[in-house]
1. Test residue 48 against the stated conditions and say whether it is over 26 Å from residue 129 (Cβ atoms) and not assigned by TED's automatic domain parsing to the domain that holds residue 127.
2. Somewhere in region 95-103, is a residue within 14 Å of the chain's Cα centre (by Cα), more than 30 Å from residue 33 (Cβ to Cβ) and in contact (Cβ under 8 Å) with a residue 40 or more places away in the chain?
3. Would you mention how many residues in region 55-97 are touching a helix residue (DSSP H, G or I) at 6+ places or on another chain (Cβ under 8 Å) and part of a helix (DSSP H, G or I)?
4. Restricting to region 94-111, give me the number of residues that are surrounded by fewer than 22 Cβ atoms within 10 Å (Cβ to Cβ) and on the phi < 0 side of the Ramachandran plot.
5. Would you check if residue 119 is assigned by TED's automatic domain parsing to the domain that holds residue 155, assigned to a helix (DSSP H, G or I) and either under 25 Å from residue 35 (Cα atoms) or in contact with a helix residue (DSSP H, G or I) (Cβ under 7 Å, 6 or more places away or on another chain) (or both)?
6. Can you tell me which of 111, 151 is in contact (Cβ under 8 Å) with a residue 60 or more places away in the chain and either in contact with a helix residue (DSSP H, G or I) (Cβ under 6 Å, 6 or more places away or on another chain) or not assigned by TED's automatic domain parsing to the domain that holds residue 50 (or both)?
7. Under 7 Å between Cβ atoms, at least 6 apart or on separate chains: pull out the pairs that start in region 60-85 with a residue that is without any contact (Cβ under 8 Å) to a residue 12 or more places away in the chain and end on any residue that is surrounded by 18 or more Cβ atoms within 10 Å (Cβ to Cβ).
8. Looking at 88, 30, 43, which one is loosely packed, with under 15 Cβ neighbours inside 10 Å and modelled with pLDDT under 95?
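The values are calculated or read from the model by the stated rules, or taken from the named source; none is laboratory data. Worth saying up front: this structure is predicted, and the values here are computed from it rather than measured. All Cβ positions, glycine included, derive from the backbone under ideal geometry; neighbour counts span all protein chains shown.
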């Protein structure tokens with residue numbers, strides 16, 4: 001890859017995104033640029049609410065990493081979305097692991113699907129909400145059932161509490 005190719009790929013990143021990535025890079029030794037990858041992906045995902053291939057390629061070029069290294073990380077961690085259907089203002093994840101399931105997660109999930117008119121992995125037509133695929137565990141068992149909305153935890157859910165949370169979002 002030539003320097004011109006790298007420049008062309010990194011132009012996809014906004015000045016704000018490059019500044020955020022630079023902040024992550026400053027935390028690590030110069031020879032450990034891959035250490036900034038999680039923060040860099042988080043920074044570029046915020047604008048579009050998902051990681052497009054051009055954005056991932058731009059991050060790879062900016063960090064000097066092979067694109068596959070970025071794709072592996074983006075597809076492994078559930079906090080990153082590579083599905084364009086996720087390009088909604090609010091991403092909802094409902095924990096369906098054992099503690100949440102025993103405390104009514106299935107009913108909460110069904111309530112959200114009914115309220116929003118979508119199934120797992122779909123966005124509402126107005127792109128306000130994305131109901132993320134099932135989450136195996138979000139590590140809040142003591143507050144089961146629980147969900148995340150835009151990475152903020154909500155615990156001890158009831159259908160009424162879910163309605164209040166979702167209705168309160170802009």
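1. Values: over 26 Å from residue 129 (Cβ atoms): no; not assigned by TED's automatic domain parsing to the domain that holds residue 127: yes.
Here the answer is no, as residue 48 does not meet what is asked.
2. Kept after step one, since they are within 14 Å of the chain's Cα centre (by Cα), are these residues of region 95-103: none.
No, because not a single residue in region 95-103 is within 14 Å of the chain's Cα centre (by Cα), more than 30 Å from residue 33 (Cβ to Cβ) and in contact (Cβ under 8 Å) with a residue 40 or more places away in the chain.
3. 15
4. Initial filter on region 94-111 (surrounded by fewer than 22 Cβ atoms within 10 Å (Cβ to Cβ)): 96-99, 101-104, 106-107, 110-111.
Subsequent filtering for residues that are on the phi < 0 side of the Ramachandran plot retains 96-99, 101-103, 106-107, 110-111.
Summing the residues that are surrounded by fewer than 22 Cβ atoms within 10 Å (Cβ to Cβ) and on the phi < 0 side of the Ramachandran plot in region 94-111 gives 11.
5. Values: assigned by TED's automatic domain parsing to the domain that holds residue 155: yes; assigned to a helix (DSSP H, G or I): no; either under 25 Å from residue 35 (Cα atoms) or in contact with a helix residue (DSSP H, G or I) (Cβ under 7 Å, 6 or more places away or on another chain) (or both): yes.
For residue 119, the condition - assigned by TED's automatic domain parsing to the domain that holds residue 155, assigned to a helix (DSSP H, G or I) and either under 25 Å from residue 35 (Cα atoms) or in contact with a helix residue (DSSP H, G or I) (Cβ under 7 Å, 6 or more places away or on another chain) (or both) - is not met.
6. Numbers: 111 fails: in contact (Cβ under 8 Å) with a residue 60 or more places away in the chain.
Sole residue among the options that is in contact (Cβ under 8 Å) with a residue 60 or more places away in the chain and either in contact with a helix residue (DSSP H, G or I) (Cβ under 6 Å, 6 or more places away or on another chain) or not assigned by TED's automatic domain parsing to the domain that holds residue 50 (or both): 151.
7. Sorted first by the residue in region 60-85, then by its partner, the pairs are 66/60; 67/56; 67/60.
8. After applying the criteria, what remains is 30.
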